[in-house]
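Please read the structure below before turning to the comments.
Values in this text are rule-based calculations from the coordinates and carry no lab data. On a predicted model such as this, the values are computed, not experimentally measured, just so you know. Virtual Cβ from ideal backbone geometry, glycine too; neighbours counted across all protein chains shown.
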Amino acid sequence: MSNIIAVDFGGTSVRAALMEGKRILRLVKKDTLAKKGSKVVIKQLTDAITEVKGSDKIKGIGIGSPGPLLNGVIKNPPNLPLKNFNLRKYLKNRFKVRVEIENDAKCAALAELHYGVKKKNFFVLTLGTGIGGGVIIDSKLYVGEGYAGELGHMILEGGKDLEFWASGSRITNEAEKIFGKRLLASDLKKLNNKKADKILHEAAFNLGKGIGSLINIFDPEIVVLNGGLKAAGKEYIKIVRREAQKYCMLPKKVKIEWSKLEHAGILGAALLLKK
């Protein structure tokens with residue numbers, strides 16, 4: 001059986017894996033370089049795929065990409081300089097194989113359904129440059145008319161969305177205001193000072209508030225978090241849980257846990273080729 005390539009295509013990095021079943025044979029990671037424009041971003045993506053493929057024959061490519069997207073077309077993601085770009089068509093022409101593309105957080109949700117928490121009703125929030133969402137209802141990925149699951153764009157204070165108040169971009173923007181440079185959550189955690197902690201804790205507070213509302217809507221068995229903000233530390237997740245419970249109207253305590261899957265986005269992207 002031919003191998004496949006699964007790609008986790010994010011606003012900060014591209015990770016491409018050559019896979020046999022759910023086993024990763026090779027993994028290549030490159031920076032997305034989103035600020036350098038669409039041509040550079042597409043080159044980084046195709047270079048990662050070409051490098052991980054090597055001389056191997058593949059039967060398809062599965063990609064998890066920031067949304068919104070529909071039928072292989074990336075519409076207008078806030079964290080990538082691509083607008084109405086038909087990524088599926090481009091890659092199909094470039095590599096001459098089947099290509100499937102889905103929202104990256106939905107891919108993470110599929111991975112959790114098959115390999116991770118394996119629950120019937122839950123949602124996943126991917127916490128990186130932006131905030132993505134994937135919803136599983138009765139053991140099926142909920143897609144609505146194609147765009148469902150953009151949980152990071154639920155509106156909170158001031159007409160701004162959850163992504164604005166709680167994403168990795170929010171954290172780096174606030175860090176730049178205070179420290180004069182764009183620090184990641186992991187960098188702020190290492191500083192171990194009150195100003196750095198305040199940035200992380202405010203993001204956690206806002207995330208918890210959003211999760212509380214989402215729990216009220218979906219009534220999940222568990223909420224799964226993954227992404228780079230795991231580096232924000234134990235106090236961060238404590239605040240998220242506390243605030244979510246505060247804003248949750250349900251008479252039960254819903255678990256909020258970090259994903260135990262090392263490469264959820266990649267595993268989910270591979271599952272797209274099993275459709």
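How far is the Cα center of the range 21-47 from the Cα center of the range 209-275, in Å? Using only Cα atoms to place each centre, the spacing works out to 26 Å. Highest mean first, the peptides 254-261, 104-111 sorted by other C-beta atoms within 10 Å per residue fall in the order 104-111, 254-261. Hydrodynamic estimate: the Kirkwood radius of the range 1-148 over Cα pairs, inserted into Stokes-Einstein at 37 °C and 0.692 mPa s, corresponds to D of 211 µm²/s. Placing unit charges on each Cβ (+1 for Lys and Arg, -1 for Asp and Glu) gives the range 11-132 a dipole about its Cα centre, and among SER13, PHE122, GLY54 the Cα reaching farthest toward its positive end belongs to GLY54.
Our coupling estimate for the range 22-29, obtained by passing each phi through the Karplus curve with A = 6.51, B = -1.76, C = 1.60 and θ = phi - 60°, is 9, 8, 7, 8, 9, 9, 10, 10 Hz, Gly and Pro reported as x. For the range 88-197, GluC sites (Glu not before Pro) are listed when DSSP marks them as loop and at most 11 other Cβ atoms sit within 10 Å of their Cβ; the list is GLU145. For the range 91-227, the Stokes-Einstein estimate of translational diffusion at 25 °C and a viscosity of 0.890 mPa s comes to 151 µm²/s, using the Kirkwood hydrodynamic radius over alpha-carbon pairs. A helix-only calculation puts the chain at -12000 deg cm²/dmol for mean residue ellipticity at 222 nm, using -39500 (n - 2.57) for each DSSP H run of at least four residues, averaged over all residues.
Cross-link pairs exceeding 24 Å between alpha carbons, from the set LYS57/LYS120; LYS57/LYS274; LYS119/LYS275: LYS57/LYS120. Take every DSSP beta bridge whose two residues both sit in the range 91-234; close to 65 percent of them are antiparallel. A viscosity of 1.002 mPa s and a temperature of 20 °C, combined with the Kirkwood radius over Cα pairs in Stokes-Einstein, give a translational diffusion coefficient for the range 2-88 of 164 µm²/s. When the square roots of the Cα gyration tensor eigenvalues are ordered a ≥ b ≥ c, the ratio a/c for the range 161-273 is 1.5 or more and a/b does not exceed b/c, which makes its shape oblate.
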